[in-house]
Amino acid sequence: MLAKEYRHRAVIWGVQSQFYTDFVAWLLNCWGILPLFDMLTMVSLDPISEDDKEQAYYDMAHQYENMIMRNRTHGGYEVLLDALWRYCEEFNADMVILWEHIACKALDGMHGMFEEQARAHGIKLVWVNHDLYDPRVIPRKNLRQDVNRYMRSVLREEPLDPTLEDYDDTNLW
């Protein structure tokens, strides 16, 4: 056990903010949300040949075909929605933490479909707004507040560790 209690099993979906690497640890320790995996890990993990140069080219081509921005943003509905619900079922997830990058219009355009299908699948859906690379636009505190508001107002839950719900992180990287 990494936390004193696991309340939810979550899939982290969307391209996460690069400046908040401790977000998954915070979810677990503050709210008992066990992050199962994130969207970026659901990419081909096949090895690239080290012995056969010709095969290495094919292996790299396969990796390129399956890299995240190609296999999650090209194909829209199937790769963003259908795959998500399959993964939730396969990994027995009851929650999705959905990163909403303010400049990504693909996810914004599908907002209603995510909401509708999450309800149909009985999955709790938490939208976390962020700017992919710049914490000055949407600070870490705001990311936590998105989760805090959902957990308190929608699920009526209290944090496992209230001291983690809000803290000053202005001196963090």
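Just a few scattered comments:
- Restricting the range 114-128 to residues that are more than 16 Å from the chain's Cα centre (by Cα) and surrounded by 14 or more Cβ atoms within 10 Å (Cβ to Cβ), the residue that is modelled with the highest pLDDT: His121
- Per this entry, Thr41 is not counted among residues that are under 17 Å from Val128 (Cα atoms), modelled with pLDDT under 90 and out of contact with any Ser or Thr (no Cβ under 8 Å at 6 or more places or on another chain).
- Residue match in the range 70-87 (condition: at pLDDT 90 or above, closer than 23 Å to Gly122 by Cβ, crowded, with 19+ Cβ neighbours inside 10 Å and not aliphatic (A, V, I, L, M)): no
- Being at pLDDT below 80 and surrounded by 11 or more Cβ atoms within 10 Å (Cβ to Cβ) holds for only one residue in Leu98, Leu107, Leu28, Leu36, and it is Leu107.
- When the range 1-14 is filtered for residues that are part of a loop (DSSP other than H, G, I, E, B) and either surrounded by 20 or more Cβ atoms within 10 Å (Cβ to Cβ) or modelled with pLDDT of 80 or more (or both), the ones remaining, listed by number, are Lys4, Glu5, Tyr6, Arg7, Gly14.
- Checking Asn148 against (1) in contact with an Asp or Glu (Cβ under 9 Å, 6 or more places away or on another chain); (2) over 20 Å from Tyr167 (Cα atoms); (3) surrounded by 15 or more Cβ atoms within 10 Å (Cβ to Cβ); (4) modelled with pLDDT of 95 or more, the condition it does not meet: (2)
- Residue selected from the range 129-173 under the condition of a type in the set (Val, Ile, Thr) and over 15 Å from Trp31 (Cα atoms), by the criterion farthest from the chain's Cα centre (by Cα): Thr170
The values are calculated or read from the model by the stated rules, or taken from the named source; none is laboratory data. All values derive from a computational prediction rather than experimental measurement. Note: ideal-geometry Cβ built from the backbone for every residue, glycine included; neighbour counts use all protein chains shown.
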